[in-house]
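Presented below is the structure to which this report refers.
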Amino acid sequence: MKILIAEDDKFIREGLEEILKSEGYETVAANDGSQAISLFEEYRPDFVLLDIMMPVIDGYEVCRRIRKTDDQIPVIFISAKSEEIDKVIGLELGADDFIVKPFGTREVIARIRAITRRCLARDKNSNIQEQFELKDLTVSPSELRAYRGEIVIELSLRDINILQLLYKKNGTVVDRDTIFNECWGRDYFPNSRTLDQHISKLRKLIEIDPKDPQIV
């Protein structure tokens, strides 16, 4: 899952990038509102973390423009503005949550996962059962997790989408274009290594021997 971080404070921005990458997320980062809009249009991320008080274009306006083109992508405001009116404005503009600075990085991760689970739960287009099996792996989309016996494996939303696609294809070969169209979106134009890198990370998470993959 790719997360756009829009934050003008370099320390906070780089700290968020570090913790998100350590959790297996991909990130793109902007230091002002104009750059945030450009990166959103270029990368079409799966999630947005958005500061309010940014140069050029403030976070409220960034959120407003994002919502004109995408009314589903999760957005969390992260801001030092803590008055009730600030939160109300953010939520009424379409944000899914509002975190006040200073914050704990683990809290951010927990909120991202909670909102992602809610997005999965409201996805009416999914025909996949609550849990499904791939080899010896039990995948639970609503939890963003997979289980191998007593071992719990934390997954991203895109990981889940890939595994669901493989499950639907029931062992048949799935070509690269199909994976991109189904799991990244038809309007996404990836570079040549995007899929390879993601599959490599996924194999390290779910395969007993990533060098001899049996699932992906």
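The values are calculated or read from the model by the stated rules, or taken from the named source; none is laboratory data. Given the structure is predicted, the values throughout are model-derived calculations rather than measurements. Every residue, glycine among them, receives a Cβ derived from its backbone with ideal geometry; neighbour counts consider all protein chains shown.
Among the hydrophobic types (A, V, I, L, M, F, W, C), in contact with a strand residue (DSSP E or B) (Cβ under 9 Å, 6 or more places away or on another chain), within 24 Å of Asp159 (Cα to Cα) and assigned to a helix (DSSP H, G or I): does that describe Val28? Working first, answer last.
On the way: among the hydrophobic types (A, V, I, L, M, F, W, C): yes; in contact with a strand residue (DSSP E or B) (Cβ under 9 Å, 6 or more places away or on another chain): yes; within 24 Å of Asp159 (Cα to Cα): yes; assigned to a helix (DSSP H, G or I): no.
Here the answer is no, as Val28 does not meet what is asked.
Val62 - would you say it is in a helix (DSSP H, G or I), without any contact (Cβ under 8 Å) to a residue 60 or more places away in the chain and buried (at least 18 other Cβ atoms within 10 Å of the Cβ)?
On the way: in a helix (DSSP H, G or I): yes; without any contact (Cβ under 8 Å) to a residue 60 or more places away in the chain: yes; buried (at least 18 other Cβ atoms within 10 Å of the Cβ): yes.
When the stated conditions are applied, Val62 passes them.
Just to be sure, is Ile112 in a strand (DSSP E or B), closer than 30 Å to Met53 by Cα and modelled with pLDDT of 85 or more? I'd like the intermediate steps shown before the answer.
On the way: in a strand (DSSP E or B): no; closer than 30 Å to Met53 by Cα: yes; modelled with pLDDT of 85 or more: yes.
For Ile112, the condition - in a strand (DSSP E or B), closer than 30 Å to Met53 by Cα and modelled with pLDDT of 85 or more - is not met.
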*Can you pull out the residues in the range 17-30 that are among the hydrophobic types (A, V, I, L, M, F, W, C) and surrounded by fewer than 22 Cβ atoms within 10 Å (Cβ to Cβ)?*
Ile19, Val28, Ala29
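Given the structure, is Arg67 in contact with a strand residue (DSSP E or B) (Cβ under 9 Å, 6 or more places away or on another chain), of a type outside the set (A, V, I, L, M, F, W, C) and on the phi > 0 side of the Ramachandran plot?
Details: in contact with a strand residue (DSSP E or B) (Cβ under 9 Å, 6 or more places away or on another chain): yes; of a type outside the set (A, V, I, L, M, F, W, C): yes; on the phi > 0 side of the Ramachandran plot: no.
For Arg67, the condition - in contact with a strand residue (DSSP E or B) (Cβ under 9 Å, 6 or more places away or on another chain), of a type outside the set (A, V, I, L, M, F, W, C) and on the phi > 0 side of the Ramachandran plot - is not met.
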*Unmet requirement for Val108, which otherwise passes all of (1) touching a Leu at 6+ places or on another chain (Cβ under 8 Å); (2) farther than 30 Å from Leu205 by Cβ; (3) in contact (Cβ under 8 Å) with a residue 40 or more places away in the chain; (4) not basic (Lys, Arg)*: (2)
*Single condition Lys21 does not satisfy, out of (1) of a type in the set (Lys, Arg); (2) touching a Ser or Thr at 6+ places or on another chain (Cβ under 7 Å); (3) over 18 Å from Leu195 (Cα atoms)*: (3)
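Conditions (1) among the small types (Gly, Ala, Ser); (2) surrounded by fewer than 15 Cβ atoms within 10 Å (Cβ to Cβ); (3) closer than 30 Å to Leu202 by Cα; (4) not assigned by TED's automatic domain parsing to the domain that holds Leu144, marked per residue:
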{"site": "Lys10", "(1), (2), (3), (4)": "no, yes, yes, yes"}
{"site": "Arg13", "(1), (2), (3), (4)": "no, no, yes, yes"}
{"site": "Asp32", "(1), (2), (3), (4)": "no, no, no, yes"}
{"site": "Ile57", "(1), (2), (3), (4)": "no, no, no, yes"}
{"site": "Lys68", "(1), (2), (3), (4)": "no, yes, no, yes"}
{"site": "Ser79", "(1), (2), (3), (4)": "yes, no, no, yes"}
{"site": "Glu84", "(1), (2), (3), (4)": "no, yes, no, yes"}
{"site": "Ala95", "(1), (2), (3), (4)": "yes, no, yes, yes"}
*Restricted to the range 150-206, and to residues that are modelled with pLDDT of 90 or more and touching a Pro at 6+ places or on another chain (Cβ under 6 Å), which residue is surrounded by the most Cβ atoms within 10 Å (Cβ to Cβ)?*
Arg203
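Go through the range 139-167 and give me each residue that's more than 19 Å from Leu195 (Cβ to Cβ) and of a type in the set (A, V, I, L, M, F, W, C).
So in the range 139-167, the residues more than 19 Å from Leu195 (Cβ to Cβ) come out as 139-154.
Val139, Leu144, Ala146, Ile151, Val152, Ile153 - these are the residues of the range 139-167 that are more than 19 Å from Leu195 (Cβ to Cβ) and of a type in the set (A, V, I, L, M, F, W, C).
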